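The structure appears below as structure tokens.
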Amino acid sequence: MKELFIALWLAQGADVATTVYGLNHGCREINPLLAGRSTSTLIAVKTGTTMAISVIAWKHRSHHPKTTKMILWTGIIAGVGAATWNMTQIPHC
């Protein structure tokens, strides 16, 4: 299961990296919670959110392994999906 925690952080990191790259190349953030915020705020919010997901999953890993895997996979898919979306949008900015 350790691999899923690593994959979560990599996927969410890919989202942040592609978002920052896009913002630096003329794109805009479409997430209304983060639009207009600084890069450091974006990174802080994303890190805090990923940490919260990780802590919740870690605390439930022994007693609820299926739920833990579902939480982690949801975060992984969301991060990869967001990063993929970002990469498709960057050429159009």
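The values are calculated or read from the model by the stated rules, or taken from the named source; none is laboratory data. Here the structure is a predicted model, which is why all the values come from computation and not from measurement. Cβ coordinates were reconstructed from backbone atoms using ideal geometry, including for glycine residues, and neighbour counts include every protein chain displayed. Quick note on the areas: whole protein, heavy atoms, side chains included, nothing else; ligands and nucleic acids left out. Shrake-Rupley method; radii C 1.70, N 1.55, O 1.52, S 1.80 Å.
Rolling a 1.4 Å probe across all protein chains gives residue 70 an accessible area of roughly 120 Å². In nanometres, what is the gap between the two model label sites at residue 28 and residue 66, each 7 Å from Cα along Cα-to-Cβ? Modelled inter-label distance: 4.5 nm. First compute the accessible area of the chain with a 1.4 Å probe, then give the percent of it belonging to carbon and sulfur atoms. So the carbon and sulfur contribution to the accessible surface is 67 percent. Measuring max minus min along each principal axis, the C-alpha atoms of segment 1-82 give extents of 45, 17, 17 Å (largest first).
With respect to the chain, whose longest principal axis is taken over its alpha-carbon atoms, helix 39-60 is tilted by about 10°. Working ranking of peptides 29-39, 57-67 by packing, defined as the average number of other Cβ atoms within 10 Å per residue, highest first, is 57-67, 29-39.
Length available on full extension from residue 2 to residue 47: 0.36 nm per residue minus the Cα-Cα distance, which gives 14.4 nm. Our summary gives the chain a relative contact order of 51 percent, counting only alpha carbon pairs under 8 angstrom and 6 or more residues apart.
Diffusion of segment 1-46 by Stokes-Einstein, at 4 °C in a medium of 1.567 mPa s and with Rh set to the Kirkwood radius over alpha-carbon pairs, works out to 114 µm²/s. Solvent exposure of the chain amounts to 67 Å² per residue of accessible area, where only protein heavy atoms count and the probe is 1.4 Å.
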